[in-house]
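Please read the structure below before turning to the comments.
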Amino acid sequence: MVSCIATGVVAKVGEKHQPTQPIPAVVQQVATKKESKLMQIYVSGAVVQPGLYELPAGARALQAVDAAGGLREDADADRVNLARKLKDGSQVNVPVRKQVREQGKTGTSKRSSSNDVRNTSNIKVNINTATVAELDALPGIGPALAQRIVTRRNLQRFNMIEELMAVQGIGKSKYEKLKEYVCVE
């Protein structure tokens with residue numbers, strides 16, 4: 001007679017073995033802990049409430065965006081892989097959509113911001129009232145620099161456009177490229 005002693009139950013070969021004891025609670029707790037593991041994800045950019053969110057392990061970028069209240073109207077969702085699986089410590093950054101100019105004769109789209117239209121119509125962006133998205137559309141200005149301009153403006157309004165050079169990241173050459181697109185009122 002051959003017996004099986006691994007479970008503490010002796011069984012004959014060929015007999016079906018049904019465990020008589022339940023799975024120990026410690027084993028169940030370990031299994032549950034692995035299944036319910038949470039991870040920290042930082043969501044930034046064009047979402048309703050950017051911030052740090054706790055999501056279940058294996059979550060996707062779409063779940064992180066939903067946790068942050070969803071996309072804003074100016075979000076460029078096409079530039080984010082919402083199906084991407086996330087890991088603990090990941091960041092999901094949703095960029096702000098910029099206007100796209102008509103496709104050229106070559107068939108390639110030429111990215112352009114609304115500042116090109118403003119320049120031809122002589123309409124300028126008032127740096128004392130512009131939104132982050134409007135500032136971001138200016139040549140050489142990204143979302144971070146646009147936010148620094150707004151932060152500086154909130155501390156002290158601009159009296160002259162030259163004061164833009166007091167904003168970290170705007171030097172003389174960048175200012176020279178910007179000055180025809182901005183004004184203060």
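What follows draws every value from the coordinates through simple rules; no lab data is involved. Since we're looking at a predicted model, the values are computed, not measured. FYI the Cβ positions are ideal-geometry reconstructions off the backbone, even for glycines, and counts take in every protein chain you see.
Structure above, values below:
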| quantity | calculated |
| --- | --- |
| Spin-label zone in region 145-185 - amide nitrogen under 20 Å from a point set 7 Å from the Cα of I123 along the C-beta vector | 178-185 |
| Long-range amide H partners of N126 with built H, under 5 Å | C183 |
| For peptides 155-168, 58-71, sequence by mean Cβ density within 10 Å, most packed first | 58-71, 155-168 |
| Length released on extending from M165 to N81, taking residue separation times 0.36 nm less the Cα-Cα span | 26.7 nm |
| At R0 = 45 Å, FRET efficiency that the Cβ-Cβ distance of Q91 and E185 yields, to 0.05 | 0.75 |
| Extension gain, E176 back to E54 (0.36 nm per residue minus Cα-Cα distance, nm) | 39.5 nm |
